[in-house]
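One structure below.
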Amino acid sequence: METLHEGGGTSSSSCCSEIPMSTDMADEQRNQQAVEINDDWPGYSLELFNYPEHYHGDLECVYISHGVIMNRIECLARDILQDTGGDDMMVLCVLKGGYKFCCDLVESIKAQSRSTDRRLTTRVEFIRFKSYLNDQSTEDLQIIGPEDLSVLKGKAIVDTGKTMRALLQHVNSFQPKLVKVAGLLVKRLPQRAATLPDYVGFVIPNRFVVGYALDYNEYFRDLNHICVISETGKQKYKV
């Protein structure tokens, strides 16, 4: 089996997707699949962590620390290996916000596979979405990247909201054998129910987060932690 992975997200299809859910079934599924962060979680004080000085005043808090992110990714890698039986993987990485998640996930899968008798081969392709202006998701979703994904034909695939549906529609035209979905972050939205990705790191409130390659108008990608941007930061980097 080969697997295609998408990191889903805030801007340009990063590693966070907006998936609305409200039913009891969705809640039960969510709790079984992911680490749930409550609506009233205030995050950690910025004084407890190192972060680039040029972002002083631009952040409210550290929402998820880098260490917690990496530990959760190791768990996702373990689950993917168990589900695929250690077979080879085709990985589709969604740029730009998903690149850190994709890289760390693939490296963790490879590292854990070395403890088995099977040799794991991974191949990575890249694709990009553009759907955010400032902190608002727009209706104009553009797929930027290789138009010819014929390498996916007969392969199995891992991918996450509006961006997930668009990508699935695109890649299914190349007749993959199987599609799986992975996302580091899924935003919890009210009123509508939806199916979660197959592999979910964290389910978070509907807050605009940055860091760990998630950006606000191309800023904050260099943060190691996932943070909540402040109103000052939004105004400072607004276009």
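The values are calculated or read from the model by the stated rules, or taken from the named source; none is laboratory data. Just so it is clear, the structure is predicted and the values come from calculations on it, not from any experiment. Virtual Cβ from ideal backbone geometry, glycine too; neighbours counted across all protein chains shown. Just the protein is used for accessible areas: all its heavy atoms, side chains included, with ligands, DNA and RNA removed. Shrake-Rupley method; radii C 1.70, N 1.55, O 1.52, S 1.80 Å.
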**Asked** Net charge near residue 221, counting Lys/Arg +1 and Asp/Glu -1 over other residues with Cβ under 11 Å of its Cβ?
**Response** -1
**Request:** List the residues whose amide H sits under 5 Å from the amide H of residue 216, counting only those 5 or more places along or on another chain, with H placed 1.01 Å from N in the peptide plane.
**Result:** 221
**Request:** Over region 43-108, average the accessible area per residue using a 1.4 Å probe and give it in Å², no decimals.
**Result:** 44 Å²
**Message:** List the pairs from 110/187; 96/238; 180/238 whose alpha-carbon separation is above 25 Å, in the order I gave them.
**Reply:** 110/187; 180/238
